[in-house]
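Heads up: the structure comes next, in structure tokens.
Any read-out appearing in this document is the output of simple, stated calculations on the displayed coordinates, not a laboratory observation. All values reported here derive from a predicted model rather than from experimental measurement. When we count neighbours, we look across all protein chains shown, and the Cβ atoms used for this are built from the backbone with ideal geometry, even at glycine.
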Amino acid sequence: MGERHSLGFSTIAFKVLPRETGGGLFLIEHTNMQKGGPGLHLHCAQEEWFYAVEGTLLFQVGERRVELKPGDSVLGP
């Protein structure tokens, strides 16, 4: 896969598309993430799992704030 798109705050590469998994998985990789990242948002039909490859990232999942370092992950149900 590897098709890349810019979101303004990062570049994403599509790794696995929902059509390849019967809608069971959508996997993207963010690179060149700028400070701030995406705004707070909610997915009503799926969960989001985040895995840090490099750097330090701050996530908010519900009311909880989580700092991820390389190798850390968090699930946003």
Lys/Arg Cβ at +1, Asp/Glu Cβ at -1, dipole of the chain taken about the Cα centre: which of Ser73, Gln34, Val61 is farthest positive-ward? Gln34
Under 8 Å for C-alpha pairs, at least 6 residues apart: give me the relative contact order for the chain, rounded to a whole percent. 21 percent
What is the local net charge at Leu57, summed over the other residues whose Cβ is closer than 10 Å to its Cβ (Lys, Arg +1; Asp, Glu -1)? -2
Could you work out the local net charge near Pro77, counting Lys and Arg as +1, Asp and Glu as -1, over the other residues with Cβ closer than 11 Å to its Cβ? -2
For the chain, fraction of C-alpha pairs farther apart than 15 Å, in %: 62 percent
Can you tell me the length gained on complete extension of the stretch Thr31 to Ala52, counting 0.36 nm per residue apart and subtracting the Cα distance? 6.5 nm
